[in-house]
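These notes concern the structure reproduced below.
The values are calculated or read from the model by the stated rules, or taken from the named source; none is laboratory data. Small disclaimer: the values here were computed from a predicted structure and weren't measured. Positions of Cβ are generated from backbone atoms using ideal geometry, with glycine treated the same way; all protein chains shown enter the neighbour counts. For the accessible areas, the whole protein counts, side chains as well, though only heavy atoms, and no ligand, DNA or RNA atoms are used. Shrake-Rupley method; radii C 1.70, N 1.55, O 1.52, S 1.80 Å.
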Amino acid sequence: MKHFTPGIHHDATGVRFSVVSHHATALWLCLFDESGNKETKRFEMERVPGGQFSIHVKGLKPGQKYGYRADGAWEPWAGHRFDISKLLVDPYAPQIDRPFQWHPDLAAKGVDTRAFAPKSVLQQPEHPKHRAPFSPTPGGLTYEVPVKAFTKQNPDIPEKLRGTLAAIAHPAAIAHFKKLGVAAVELMPVNAWIDERHLAPHGLANAWGYNPVSFMALDPRLAPNGVSDLRLVADALHKEGIALILDVVMNHTGESDVYGPVLSFRGLDNALYYRHHQDEPGALINDAGTGNTFAVDRAPVRDLVIHSLRHLVLHGGVDGFRFDLATVLGRTARGFSPHAPLFEAIRHDPVLGAATLIAEPWDTGPGGYQLGQFPPQFSEWNDRYRDDVRRFWRGDPHTLGALATRLAGSSDYFGKWPSSSRSVNFLAAHDGLTLHDVTAYKRKHNLGNGENDHDGHGENFSWNHGSEGETPAPAIRAARLADVKAMLILLFVSRGTPLLTAGDEFGRTQKGNNNAYAQDNKITWLDWPGRDVELEKFTASLSALRSNHPALCSLALLSGESKDGAVSPDVFWFRADGNEMQNTDWENPENRFLGLILSTGGKAKEKTDTVAIVINRNEGRVVTKLPAPPKGRKWQMATSSQAIVKTADGYDLRAHSVAVFIPVSGRTNA
């Protein structure tokens with residue numbers, strides 16, 4: 001009997017539907033009317049080789065709505081949860097007709113769900129030509145964007161577009177990206193998701209989208225026109241030289257734990273698509289911390305993931321992916337491996353092999369923290385950067401060396417590839433306190449999430465300047481702003497790829513909520529009218545400074561050595577007196593001053609780019625002397641977090657300040 005590739009395949013007479021289920025005893029294709037509410041026909045599918053069910057139906061047109069029903073054993077102790085009453089979304093459907101919405105019947109055995117389940121939608125067949133993904137500028141700014149929160153309150157975007165993907169393609173959004181010098185927009189998840197079942201009773205809704213059901217279909221609330229809305233965004237960004245990266249969640253689904261809804265994979269073949277404990281086949285492995293873990297090490301599941309990623313590139317115009325909880329994707333029966341089947345499949349795929357790949361290098365399972373262990377084609381989110389910069393700027397002792405390591409590209413994690421740091425550096429992200437809140441809240445404030453403040457990280461390495469939360473006190477507000485500016489400078493002068501979450505450039509706050517996934521409201525919606533425009537301009541100037549100086553935007557790990565015949569080392573670390581740092585300076589637990597000169601080196605006749613940075617985290621002022629600038633040049637301040645005074649002895653740095661200097665033509669005066 002002929003083998004069919006899973007998915008939807010059009011031919012001259014009709015459409016072939018094929019889906020993988022190793023353990024179902026029967027499977028049906030159900031067709032619905034235009035409204036999606038009335039089932040009009042039901043066809044029993046044929047079992048074919050490869051653990052599939054398949055059927056060819058003549059005369060179907062684009063827009064046809066359909067779903068699957070699967071029958072088989074109800075043996076929860078063995079991992080089988082077949083229930084013919086459940087209407088199932090096709091994992092290969094590129095579009096659904098309505099959002100997923102939680103209803104108790106979705107998890108109740110024997111209760112028909114056609115009234116609640118989204119219907120898969122047949123689309124016009126397209127055969128896009130493959131193009132090479134648009135590569136972001138190496139070392140350029142990546143900008144993390146939640147689609148709805150970014151656009152919902154932007155008065156420069158038409159109200160009818162706000163909250164949708166189309167709003168990201170609007171000139172007002174594009175103008176903001178260009179103002180910040182964004183190299184790549186990283187959209188938070190846009191695939192169709194379902195709210196966690198505990199949210200509705202609290203009047204809450206998922207604001208982030210990290211609870212997907214479909215890996216191909218986009219959420220109709222964000223993309224009412226399906227993948228063409230994503231292509232609209234890609235085209236608008238590419239026109240301005242900006243890459244599009246999509247945050248994808250392929251480590252779990254919104255079907256949750258054993259008490260969760262039956263929406264797609266669980267009904268098709270729970271034992272196949274999810275990982276279960278070997279000695280307890282009915283118990284789901286929960287390495288993602290959400291109730292289930294997708295079994296991407298199995299060939300049919302892996303093939304679905306690859307097919308979905310290719311679809312988003314070929315049809316959506318996506319240039320790369322950020323993989324949520326990516327350690328799951330590298331797990332096998334023996335644990336995590338950088339050579340896991342999915343990673344190898346991506347590497348060898350002609351479409352995906354050239355895409356930008358970013359890993360969130362951890363999950364909640366055993367041995368889940370894998371920073372620096374992913375294949376070399378992956379960059380990795382570096383939470384050690386976030387924590388070490390925060391700890392140093394909070395004033396923790398013994399943190400100077402850690403700060404220097406992060407500024408230099410985190411060789412302790414990425415040193416096996418010395419030619420290029422694969423670190424994605426960030427100070428704050430969607431998960432955790434905002435950058436502003438790091439300086440304004442000493443503890444989390446998550447009562448609004450309905451979990452009695454038990455959710456979210458307890459340690460955020462944050463501080464509040466003596467007053468918890470917002471305050472009218474001018475001195476405290478000024479100190480917080482100075483801290484934010486200082487950390488932003490550190491981000492933009494660090495080796496690696498800088499990541500900024502939308503709104504942190506102008507002081508967004510979540511009122512101390514460090515797990516705002518359930519706050520689809522003004523807690524997470526960016527306050528465009530109330531933003532700090534001056535801080536926004538300051539951030540944009542840092543991005544421009546970085547992009548204009550190869551010594552800042554290079555991805556090469558700093559070593560302190562002169563390489564390849566260079567006339568100067570790539571970094572020179574110095575004390576406040578301008579002399580080189582000594583071991584005693586590095587080992588002093590109370591030392592909170594650090595200077596560094598970054599240089600592209602350059603051979604004798606080559607142009608060299610040089611930048612000096614001074615960091616004073618002391619509680620008092622420090623007068624610093626800069627080492628001599630390049631011959632025939634003088635130092636000129638390019639930016640600073642606070643006002644800097646030039647004195648006869650050097651530069652008078654205020655407490656808690658950072659400054660950057662560049663050499664300009666003129667007599668040496670350092």
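Points to keep in mind about this one:
- Summed over the range 527-558, the residues that are open to solvent by less than 20 Å² (accessible area, probe 1.4 Å) and either aromatic (Phe, Trp, Tyr) or under 18 Å from the mean Cα position of the chain (by Cα) (or both) give a count of 1.
- Taken over the range 263-306, the criterion of being of a type in the set (D, E, K, R), within 29 Å of Arg347 (Cα to Cα) and part of a loop (DSSP other than H, G, I, E, B) is satisfied by Arg275, Asp287, Asp297, Arg298.
- Test result for His22, modelled with pLDDT of 95 or more and part of a loop (DSSP other than H, G, I, E, B): yes
- The residues in the range 138-192 that are touching a Cys at 6+ places or on another chain (Cβ under 6 Å) and more than 20 Å from Phe321 (Cα to Cα) can be counted, and the count is 0.
- Single unsatisfied condition, Lys485 versus (1) modelled with pLDDT of 95 or more; (2) more than 26 Å from the chain's Cα centre (by Cα); (3) open to solvent by 30 Å² or more (accessible area, probe 1.4 Å): (2)
- Take the conditions (1) assigned to a helix (DSSP H, G or I); (2) closer than 29 Å to His127 by Cα; (3) open to solvent by less than 10 Å² (accessible area, probe 1.4 Å); Gly316 misses just one of them, which is (1).
- None of Gly372, Gly415, Gly365 is of a type outside the set (D, E, K, R) and at positive phi except Gly372.
- Test: residue in the range 331-341 that is open to solvent by less than 10 Å² (accessible area, probe 1.4 Å), at negative phi and among the charged types (D, E, K, R): no
- Failed item, numbered, when Ser494 is tested on (1) touching a helix residue (DSSP H, G or I) at 6+ places or on another chain (Cβ under 7 Å); (2) more than 29 Å from His549 (Cα to Cα): (2)
- Pairs, first within 30 Å of Ser541 (Cα to Cα) and free of Cβ contacts under 8 Å to residues at least 40 places away in the same chain in the range 122-143, second open to solvent by 50 Å² or more (accessible area, probe 1.4 Å) and part of a loop (DSSP other than H, G, I, E, B), C-beta under 8 Å, six or more apart: none
- Members of the range 69-93 found to be of a type in the set (Phe, Trp, Tyr) and over 19 Å from Ser214 (Cβ atoms), listed by number: Trp74, Trp77, Phe82
- Boolean, Asp577 is open to solvent by less than 80 Å² (accessible area, probe 1.4 Å), part of a strand (DSSP E or B) and of a type in the set (D, E, K, R): no
- Lys38 being closer than 26 Å to His127 by Cα and either out of contact with any Asp or Glu (no Cβ under 8 Å at 6 or more places or on another chain) or of a type in the set (Phe, Trp, Tyr) (or both): no
- Here Leu491 passes the criteria (1) touching a Pro at 6+ places or on another chain (Cβ under 7 Å); (2) more than 30 Å from Ser419 (Cβ to Cβ) except the one numbered (2).
- Of all the listed residues (Arg477, Arg391, Arg406), the sole one being under 20 Å from Thr497 (Cα atoms) and either basic (Lys, Arg) or touching a residue at least 12 places away in the same chain (Cβ under 8 Å) (or both) is Arg406.
Yes/no per residue for (1) over 19 Å from the mean Cα position of the chain (by Cα); (2) at pLDDT 95 or above; (3) closer than 25 Å to Asp520 by Cα:
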{"residue": "Lys109", "(1), (2), (3)": "yes, yes, no"}
{"residue": "Pro133", "(1), (2), (3)": "no, no, no"}
{"residue": "Lys160", "(1), (2), (3)": "yes, yes, yes"}
{"residue": "Val182", "(1), (2), (3)": "no, yes, no"}
{"residue": "Met188", "(1), (2), (3)": "no, yes, yes"}
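- One residue stands out in the range 502-523 among those that are touching a Lys or Arg at 6+ places or on another chain (Cβ under 8 Å) and either farther than 25 Å from Asn446 by Cβ or not small (Gly, Ala, Ser) (or both): the one that is surrounded by the most Cβ atoms within 10 Å (Cβ to Cβ), namely Asn513.
- The residues of the range 12-41 that are among the charged types (D, E, K, R) and touching a residue at least 24 places away in the same chain (Cβ under 8 Å), listed by number, are Arg16, Asp33, Glu34, Glu39.
- Residue within the range 122-137 that is surrounded by 21 or more Cβ atoms within 10 Å (Cβ to Cβ) and more than 30 Å from His9 (Cα to Cα) present: yes
Residue by residue, here is whether (1) more than 20 Å from Leu29 (Cα to Cα); (2) among the aromatic types (Phe, Trp, Tyr); (3) in a strand (DSSP E or B) holds:
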position: Arg98; (1), (2), (3): no, no, no
position: Arg114; (1), (2), (3): no, no, no
position: Gln123; (1), (2), (3): no, no, no
position: Tyr143; (1), (2), (3): yes, yes, yes
position: Asp156; (1), (2), (3): yes, no, no
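- When Arg81 is tested against (1) surrounded by fewer than 16 Cβ atoms within 10 Å (Cβ to Cβ); (2) touching a residue at least 40 places away in the same chain (Cβ under 8 Å), exactly one condition is not met: (1).
- Some residue of the range 637-653 being among the hydroxyl-bearing types (Ser, Thr, Tyr) and loosely packed, with under 14 Cβ neighbours inside 10 Å: yes
Rundown of residues vs (1) modelled with pLDDT under 95; (2) under 13 Å from Val262 (Cα atoms); (3) part of a helix (DSSP H, G or I), yes/no style:
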site: Cys30; (1), (2), (3): no, no, no
site: Phe43; (1), (2), (3): no, no, no
site: Gly50; (1), (2), (3): yes, no, no
site: Ser54; (1), (2), (3): no, no, no
site: Lys61; (1), (2), (3): yes, no, no
site: Trp77; (1), (2), (3): no, no, yes
site: Ile84; (1), (2), (3): no, yes, no
site: Asp90; (1), (2), (3): no, yes, no
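- Qualifying residue in the range 100-118 (condition: open to solvent by less than 30 Å² (accessible area, probe 1.4 Å) and among the polar types (S, T, N, Q)): yes
- When Arg575 is tested against the conditions (1) within 28 Å of Val147 (Cα to Cα); (2) touching an Asp or Glu at 6+ places or on another chain (Cβ under 7 Å); (3) of a type in the set (Lys, Arg), the lone failure is (1).
- Summed over the range 559-574, residues that are surrounded by fewer than 18 Cβ atoms within 10 Å (Cβ to Cβ), touching a Gly at 6+ places or on another chain (Cβ under 8 Å) and of a type in the set (Asp, Glu) total 1.
- Residues of the range 38-75 satisfying the condition of being under 36 Å from the mean Cα position of the chain (by Cα), over 14 Å from Leu268 (Cα atoms) and open to solvent by 10 Å² or more (accessible area, probe 1.4 Å): Gly50, Pro62, Gly63, Gln64, Lys65
- Annotation: Arg617 fulfils all but one of (1) at positive phi; (2) open to solvent by less than 30 Å² (accessible area, probe 1.4 Å); the unmet one is (1).
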